[in-house]
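Everything below concerns the one structure shown next.
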Amino acid sequence: MKAVIQRVKKASVSVENKLINQINEGICVLIGFEKEDTEEKLKKMAKKIANLRIFGDRFEKNVIDINGEVLLIPNFTIPAITKKGTRPNFQNSMSPESAKEFYAKMIEELNRYTPTKEGVFAAHMEVEILNDGPVTLILEV
């Protein structure tokens, strides 16, 4: 499981020019699930995202501390293998059926910590991000 985390002033997701969800200050998470992922890894990732200290002058606060939100965007391209050639290889990506279940579970798990809004699984989405900092991290569990 891999996630690209961005601290944002605001972020939104649209499908076919229709606004689906938006957040103000918080974290935009692009998440990709891999074949070897487990529910234990999912819970560990959710806890790490919610408790990641990337806010405040000295990175002393997390999204919970600032009463922020999470915008969780499913992204099957995140686990791509890019070491050889110029075309991404998606052999490590979880099957769409399993990934959809994991995505729903990740939303549920993150909501235990902080308000989490979602994108649309398997849709062509337009994600607008106003990155704050910029602060961008890659997490793997």
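Structure notes:
- Of all residue pairs spaced 6 or more apart or on separate chains, those with beta-carbon atoms under 8 Å, a first member in the range 86-101 that is hydroxyl-bearing (Ser, Thr, Tyr) and a second member that is surrounded by 15 or more Cβ atoms within 10 Å (Cβ to Cβ) are SER93/GLY32; SER93/PHE33; SER93/GLU34; SER93/PHE76; SER93/PRO79; SER93/ALA80; SER93/ALA99; SER98/PHE33.
- Entirely in the range 1-93, the strands (runs of 3 or more DSSP E) that have 3 or more residues that are surrounded by fewer than 22 Cβ atoms within 10 Å (Cβ to Cβ): 2-15, 18-23
- On inspection, GLU128 fails the criterion of being farther than 15 Å from ALA3 by Cα, part of a helix (DSSP H, G or I) and open to solvent by 80 Å² or more (accessible area, probe 1.4 Å).
- Hey, LEU52 touching a strand residue (DSSP E or B) at 6+ places or on another chain (Cβ under 8 Å) and under 22 Å from ALA123 (Cβ atoms) or not: no
- Of all the listed residues (GLY119, GLY68), the sole one being in contact with a Gly (Cβ under 7 Å, 6 or more places away or on another chain) and modelled with pLDDT of 95 or more is GLY68.
- In the condition set (1) of a type in the set (Gly, Ala, Ser); (2) over 19 Å from GLU118 (Cα atoms); (3) under 18 Å from the mean Cα position of the chain (by Cα), GLY85 is compliant with all but (3).
The values are calculated or read from the model by the stated rules, or taken from the named source; none is laboratory data. Fair warning: this is a prediction, and the values are worked out from it, not measured in the lab. In this analysis, Cβ positions are derived from the backbone assuming ideal geometry, glycine residues included, and neighbour counts consider all displayed protein chains. With ligands, DNA and RNA removed, areas are computed over all heavy atoms of the protein, side chains included. Shrake-Rupley method; radii C 1.70, N 1.55, O 1.52, S 1.80 Å.
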